[in-house]
């Protein structure tokens, strides 16, 4: 059992709390029994498991069997070490180191039914996580995050995805110009969610398409407000100015899914 706070395992896990270290090592952390079960179910690249026997749940034996079958290293730690490693105030008793997916534009496959989601400058981790979870539920599997968007592997983002992040292809640090160039090269119609757009009930959601959703306060980047692109908005009543970006994204994605027969 690991009991020393100075152990190299502990130092490495703590270092992964920082975005730069996650990028340098190509690894990130996930915590909690349900999250790790989802990671296993969705075949994430789990490189190391840390578990505290004092906090083991009743279903640890079945989870342990799966981990051993997949030859995933397991290391027991005491509660003090677990708290040092964890990014939560009350750690559940288990955490894992997972390998990052390294994707490029070539990994995004476009066909006649593609809906590519572009997340442009979203800052709130909860919003990004909810958007990603909703996107997968609505049938979207490919997502681009523009430069300036909150880190995909921020712990709050990951928790908000509820494990669905492992079933998505997410390309990060994209510039708006790169997005437009890719969309045009693949014949994607670009739609931008914008308060000044046309009512989305009147919009032709011709597939394949790319949907852009923008920053909570400032909306999408100017590149995505080009007159050449279609801007769409949700009609508001009772003088409501806007909706939370995650809610608005969900409404539009499900309308697209409804029209294409999800």
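Some values worked out for this structure:
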{"read-out": "Residue within region 220-243 that is surrounded by fewer than 19 Cβ atoms within 10 Å (Cβ to Cβ), in contact (Cβ under 8 Å) with a residue 60 or more places away in the chain and under 30 Å from residue 32 (Cβ atoms) present", "value": "no"}
{"read-out": "From 43, 54, residue being modelled with pLDDT under 95 and under 20 Å from residue 83 (Cβ atoms)", "value": "54"}
{"read-out": "Test: residue 36 is under 22 Å from residue 167 (Cα atoms), part of a loop (DSSP other than H, G, I, E, B) and not assigned by TED's automatic domain parsing to the domain that holds residue 155", "value": "no"}
{"read-out": "Those helices (runs of 4 or more DSSP H) lying entirely in region 79-196 with at least 3 residues surrounded by 22 or more Cβ atoms within 10 Å (Cβ to Cβ)", "value": "79-85, 125-137, 155-161"}
{"read-out": "Near pairs, Cβ below 8 angstrom, 6+ apart or cross-chain, from region 88-111 (closer than 9 Å to residue 31 by Cβ) to any residue that is modelled with pLDDT of 95 or more and in a loop (DSSP other than H, G, I, E, B)", "value": "95/86"}
{"read-out": "Single condition residue 222 does not satisfy, out of (1) farther than 20 Å from residue 131 by Cβ; (2) more than 25 Å from the chain's Cα centre (by Cα)", "value": "(2)"}
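Every residue, every condition in (1) modelled with pLDDT of 95 or more; (2) outside the structural domain of residue 192 (by TED's automatic domain parsing); (3) within 19 Å of residue 138 (Cα to Cα); (4) in contact with a strand residue (DSSP E or B) (Cβ under 6 Å, 6 or more places away or on another chain), yes or no:
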residue: 223; (1), (2), (3), (4): yes, no, no, no
residue: 226; (1), (2), (3), (4): no, no, no, no
residue: 237; (1), (2), (3), (4): no, no, no, no
residue: 240; (1), (2), (3), (4): no, no, no, no
residue: 249; (1), (2), (3), (4): yes, no, yes, yes
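The values are calculated or read from the model by the stated rules, or taken from the named source; none is laboratory data. The structure displayed is predicted, hence computed values, not measured ones. Don't worry about glycine lacking a Cβ; one is built from the backbone with ideal geometry, like all the others, and counts go over all protein chains shown.
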